[in-house]
Amino acid sequence: MRAFLFSNKNPANNKFKGFLIVNTHVEHKNRFLLNLIQQKKWYYLGSVLSVGLASYFLYLVPTIGRIAIDQIVSDSAAVDGDLTAQLFALFTSVHEKPEQLLMAGLAIVLVTAFAGLFMYLKDYLAATACEDTIQTLRNRLFEHLHKLDERYLSKADSGDLVQRCTSDIDTLREFLTLQVMNIGRTVVLALIMVPLMFMQHVWMSVLSLFLVPVVIYFACTFYVRIRGLFQQVDDAEGELTTIVQENLTGIRVVRAFARQQHECDKFDHYNRKYSDLNYRLLCMLANFWSTADILCFCQNAILLFGGGWLVVNDYVSIGTYFAFIGYINMLIWPIRQLGEELSEAGKATVAINRIQQILDAPEEVEQQSLVDLPDDFTADIEFDSVSFSFDQQKPALNNVSFKVAAGETIAIVGPTGAGKSTLIQLLMRLQDYQQGSITVGGIELNRIARQQIRQRISTLLQEPFLFSRSLRDNIKLGHKLATDEQMVTAASDASVHHTIKAFKQGYQTLIGERGVSLSGGQKQRVTLSRTLLKKAKMLVLDDTLSAVDSDTEHKIISALHKKRGEQTLLIITHRISVCQQADRIFVMQDGCLVDSGSHQALLSRPGFYQQLWQIQADQQQAADQPNLV
Ligand SMILES: Nc1ncnc2c1ncn2[C@@H]1O[C@H](COP(=O)(O)OP(=O)(O)OP(=O)(O)O)[C@@H](O)[C@H]1O
């Protein structure tokens, strides 16, 4: 099992408090699966009761056979026990033997029908309880995924997560519907039949059950041995799923770098590992089945030989001999199956652990005393000596302080890795700042609920993501109740309306997973429409115009500036043309805010901004020069 959980070492201000909250949460969720099953306990109990009744009726089948052979056909044995006496009295209520045998036959049909009825009831109750349990678990997992802490998500392996949420859940479902029920049925069957067998004949019972402890021991030790292997097989499957998923997502990157063969070789390596582990597992299972079969047939042979000897020497009647052969065949095969059920249960315990690990992963924690940020809040922002580190080694932000007035447009520039996106992550409360203070509308940010601050800020993150739905659905994700006119206005402001209109189905055009049928720039503009449609008092764009040409960029920025003063606008960019239109520009380097001011002010002093301007001016000049070739 890969180390999936990360340690929760967080030197935040509320370190100890946060730790307690997270751990109480984990404890709560540890019981989640158990609670879920407990909620359906009456169904499961009903199921066990049904299987008990069914077992009792099944027990009656050989018993009736015994009465028919000993008392009706042979007249040889005395009637023993209340039950057999009552059954015998029932069959002999008619005088002729053929009629008595007919009644015994009908009784067998009747008790088998009852056994079948209770078996059906058992399956019905178990299936209802299990499907409800699994459905609730799936919903809970999905909800939990959406609430997971950003630090967990950034380290999580999505292929493995998908496997845990799909095939591990299926394994758990099979466990609850099949294995738990079959194991329960075998145990109940044994608990009912074994005492009744001993009550009938001690030595025949001993002979019948002679090898049963060996079969049970063998099945249980096998289960323990195979559990680790099941886990390895599951992990290998997870690795394989991850490779397939990554390759599908990044197939163009692989092609662009002509790395197909490398990826195929890598896949082959993991595929081989998975197959080898599966092969080992199948060999172990084959060993188990053949040995278990031999043990079961030996048990039958012991009863045939020993019981036959007792019959020949008149210690036991033929009817009892017949009945015990029936009992042991009813009992030994489910016990032999116990091995399979237990090994499948082994798989399920691995799956339960893997699901539990997700459920135990920390969710985003809120402070106890939250303050409401009203709809009409003043959209100003203040960072005061804010520091933040992802890994407690190198700070991603170091002592950053600035003020942004409501309605101001700020461009943020800086080399890659300077901490620009981290700034936005803190503002969106995707990460919690560890030192200093951030206020929005005069309220300390960590006292505003995450959900609320994310509703108040309209953000477009660096990676444009589109769902495999229509363009309309993708854009309206920003504001579900928006009218079509509002949607078109947002798309026009993002300079993508004409592109969409050119599609045959316009806004109804379906886009493939991650919008593969759109170009990078088109995707950026569709996601920008979605962000603009949200109409929040703060708009944050994280390097979102990098894939659009400068003409389109100019149109988009002009559209944004039409609302100048209405919205606080933060734009992370690498383009001087965007900075020129901002009220102020922040220059970030190595996690610090190293300079700020207007375009003219920053140009007048040496530094990163001046260099950036110089490089882009040279590039522009080179592009404007006529081609001399
Ligand atoms: N999830 C993360 N876990 C650990 N370190 C991270 C994480 N995200 C970013 N970092 C690190 O934090 C630092 C700042 O990253 P950030 O993404 O804020 O830079 P940036 O200025 O936005 O860069 P770019 O212009 O390339 O997007 C970098 O050193 C980066 O490696």
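The values are calculated or read from the model by the stated rules, or taken from the named source; none is laboratory data. Note that the coordinates shown come from a computational prediction; the quantities given were computed from them, not determined experimentally. Quick reminder, even Gly has a Cβ in these numbers, built from the backbone with ideal geometry, and neighbours come from all protein chains shown.
Say whether the condition of being among the basic types (Lys, Arg) and touching a residue at least 40 places away in the same chain (Cβ under 8 Å) is met by at least one residue in the range 262-281. Among the residues of the range 262-281, at least one is among the basic types (Lys, Arg) and touching a residue at least 40 places away in the same chain (Cβ under 8 Å), which makes the answer yes.
Report whether or not residue 179 is part of a helix (DSSP H, G or I), away from the ligand (no atom under 16 Å from the Cβ) and at pLDDT below 85. Spelling it out, residue 179 is indeed part of a helix (DSSP H, G or I), away from the ligand (no atom under 16 Å from the Cβ) and at pLDDT below 85. Is it the case that some residue within the range 378-397 is of a type in the set (Gly, Ala, Ser), touching a strand residue (DSSP E or B) at 6+ places or on another chain (Cβ under 6 Å) and outside any strand (DSSP E or B)? Within the range 378-397, one or more residues are of a type in the set (Gly, Ala, Ser), touching a strand residue (DSSP E or B) at 6+ places or on another chain (Cβ under 6 Å) and outside any strand (DSSP E or B). What is the one condition in (1) without any contact (Cβ under 8 Å) to a residue 40 or more places away in the chain; (2) among the small types (Gly, Ala, Ser); (3) more than 18 Å from residue 409 (Cβ to Cβ) that residue 597 does not satisfy? Result: residue 597 fails condition (3) only.
Restricted to the range 145-168, and to residues that are more than 16 Å from the ligand (Cβ to nearest atom) and buried (at least 18 other Cβ atoms within 10 Å of the Cβ), which residue is modelled with the lowest pLDDT? Here the answer is 159.
Is the range 443-455 home to any residue that is over 27 Å from the mean Cα position of the chain (by Cα), in the same structural domain as residue 573 (by TED's automatic domain parsing), within 16 Å of the ligand (Cβ to nearest atom) and not acidic (Asp, Glu)? Within the range 443-455 (the criterion being over 27 Å from the mean Cα position of the chain (by Cα), in the same structural domain as residue 573 (by TED's automatic domain parsing), within 16 Å of the ligand (Cβ to nearest atom) and not acidic (Asp, Glu)), the answer is no, since none of the residues qualifies.
Of all the residues in the range 398-428, those that are assigned to a loop (DSSP other than H, G, I, E, B) and closer than 21 Å to residue 607 by Cβ number 6.
State whether one or more residues within the range 561-576 are under 42 Å from the mean Cα position of the chain (by Cα), assigned by TED's automatic domain parsing to the domain that holds residue 405 and of a type in the set (Lys, Arg). Checking the range 561-576: at least one residue is under 42 Å from the mean Cα position of the chain (by Cα), assigned by TED's automatic domain parsing to the domain that holds residue 405 and of a type in the set (Lys, Arg). Filtered by the rule that a residue be buried (at least 19 other Cβ atoms within 10 Å of the Cβ) and within 16 Å of the ligand (Cβ to nearest atom), the range 365-392 gives 383, 386, 388. Here the range 538-556 is the region considered, the condition is being away from the ligand (no atom under 16 Å from the Cβ) and surrounded by fewer than 21 Cβ atoms within 10 Å (Cβ to Cβ), and the residue that is farthest from residue 497 (Cα to Cα) is 550. Within the range 476-494, residues that are assigned by TED's automatic domain parsing to the domain that holds residue 563 and outside any loop (DSSP other than H, G, I, E, B) reach no partner that is aliphatic (A, V, I, L, M) and buried (at least 17 other Cβ atoms within 10 Å of the Cβ) with beta carbons closer than 9 Å at six or more positions or on different chains.
Among the candidates 458, 437, the residue that is part of a strand (DSSP E or B), more than 30 Å from residue 517 (Cα to Cα) and either away from the ligand (no atom under 16 Å from the Cβ) or without any contact (Cβ under 8 Å) to a residue 60 or more places away in the chain (or both) is uniquely 437.
Could you grab the pairs with beta carbons closer than 8 Å, sequence gap of 6+ or different chains, first residue in the range 399-415 and in the same structural domain as residue 439 (by TED's automatic domain parsing), second one surrounded by fewer than 16 Cβ atoms within 10 Å (Cβ to Cβ) and among the charged types (D, E, K, R)? Cβ pairs passing all conditions: 401/384; 407/564; 407/566; 409/564. The listed residues are 301, 351, 323, 292, and the only one of them that is out of contact with any helix residue (DSSP H, G or I) (no Cβ under 9 Å at 6 or more places or on another chain) and either surrounded by 14 or more Cβ atoms within 10 Å (Cβ to Cβ) or hydrophobic (A, V, I, L, M, F, W, C) (or both) turns out to be 301.
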